[in-house]
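The next block holds one structure in the form of structure tokens; read it before the comments.
The values are calculated or read from the model by the stated rules, or taken from the named source; none is laboratory data. The structure displayed is predicted, hence computed values, not measured ones. Methodologically, a virtual Cβ is constructed for each residue, glycine included, from the backbone with ideal geometry; neighbour enumeration extends over all protein chains shown. Side chains included, ligands, DNA and RNA excluded: accessible areas come from the protein's heavy atoms. Shrake-Rupley method; radii C 1.70, N 1.55, O 1.52, S 1.80 Å.
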Amino acid sequence: MSTPLLAKPLWGSGMRFLRGIPVATTILLLTMGLGTWVDVRNDRIHNRQLEIETRIHELIRLKQEMGTMLQLSAVGRNPLRHTGYERKATELAQTAAALVTLTKDTALASEVKTIDASHARFQHLESSAIALMDDGRWDAARRLIFDEEYQLNLKVFSINADAAVMAMTIVHAKDRDQLETLRLASLASTLASLGLLLWVGRQ
């Protein structure tokens, strides 16, 4: 007659342990999912940072090539030396548009706008210089290209581009730190879930 009395509490204890299994399994799956999301997000941040940095350096390279092209043309009085200017200008515009898309709704959007604004400030000077060279007014074109204002704007453009790269590095480093915190929390929760499953299994 004593057997049923002992079986009841043992059965109830076993049910409590069994109910702990789905809870621990759910927590484990959720934390594993969080860890996967963190890894994917981290990869996306790294790839975006690399692409933004590449685009910015591409802007600097194109701008330098365009400036050199006009200077050589003005000094050598050779219109053939700036025939590729329009193609470079198109590439620069496409690169700038891609940068705007990449940094849209981010803290880097203002930095990209600053780069674009600094380029626009002296773009009209280049157009004026090309018009002067096409008219055969080489001395006036040379003065315009080597003018202090034009050279200063070129330097400002490079400085703004470098500042954008620095800002991008800071922003993405902050994002990666936050993701690393989530990764550690996910790992701790996963280990705790595994420990709970092992404990339930032993019981």
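Accessible surface of Ile170, taken over heavy atoms with a 1.4 Å probe and every protein chain present, rounds to 110 Å². With respect to the chain, whose longest principal axis is taken over its alpha-carbon atoms, helix 2-76 is tilted by about 10°. Candidates Leu194, Leu125, Ala89 compared by Cα position along the dipole of the chain: farthest toward the positive end lies Leu194, with charges placed on Cβ. According to the square roots a ≥ b ≥ c of the eigenvalues of the Cα gyration tensor, what is the shape class of segment 127-196, taking rounded for a/c under 1.5, prolate for a/b larger than b/c otherwise, and oblate for the remainder? The shape class here is prolate. When Rg and Dmax of the Cα atoms in Å is calculated for this entry, the matching label among (i) 31.4, 118; (ii) 16.7, 46; (iii) 17.8, 53 is (i).
A straight chain from Val75 to Lys155 at 0.36 nm per residue would run longer than the Cα-Cα distance by 26.7 nm.
Annotation: per residue accessible area for segment 88-135 equals 51 Å², rounded to a whole number [probe 1.4 Å, protein chains only]. Between Arg87 and Arg137, the FRET efficiency from the beta-carbon distance, with R0 = 30 Å, is close to 0.80. With R₀ fixed at 35 Å, the C-beta to C-beta distance from Ala107 to Glu65 puts the FRET efficiency at about 0.75. Counting lysine pairs in the chain whose alpha carbons fall under 26 angstrom apart, excluding pairs fewer than 8 residues apart on the same chain, gives 12. Assuming charge only on the beta carbon of Lys and Arg (+1) and of Asp and Glu (-1), the dipole of the chain about its Cα centre is about 1080 debye to the nearest 20. For the pair His57 and Lys174, label points projected 7 Å from Cα toward Cβ lie 2.5 nm apart. Thr25 to Thr181: FRET efficiency via 1/(1 + (r/R0)^6), r the Cβ-Cβ distance, R0 25 Å, to the nearest 0.05? The computed FRET efficiency comes out at 0.50. The shape of segment 86-130 comes out oblate: with a ≥ b ≥ c from the C-alpha gyration tensor, a/c is at least 1.5 while a/b does not beat b/c.
At a 1.4 Å probe, what is the % contribution of carbon and sulfur to the accessible area of the chain?
It is 62 percent, rounded to a whole number.
Each part gets one Cα centre, and for segment 100-121 versus segment 134-169 those centres are 18 Å apart.
Kindly express, to the nearest 10 degrees and within the range 0 to 90, the angle between helix 109-134's C-alpha long axis and the longest C-alpha principal axis of the chain. On a 0 to 90 degree scale, this one is about 20.
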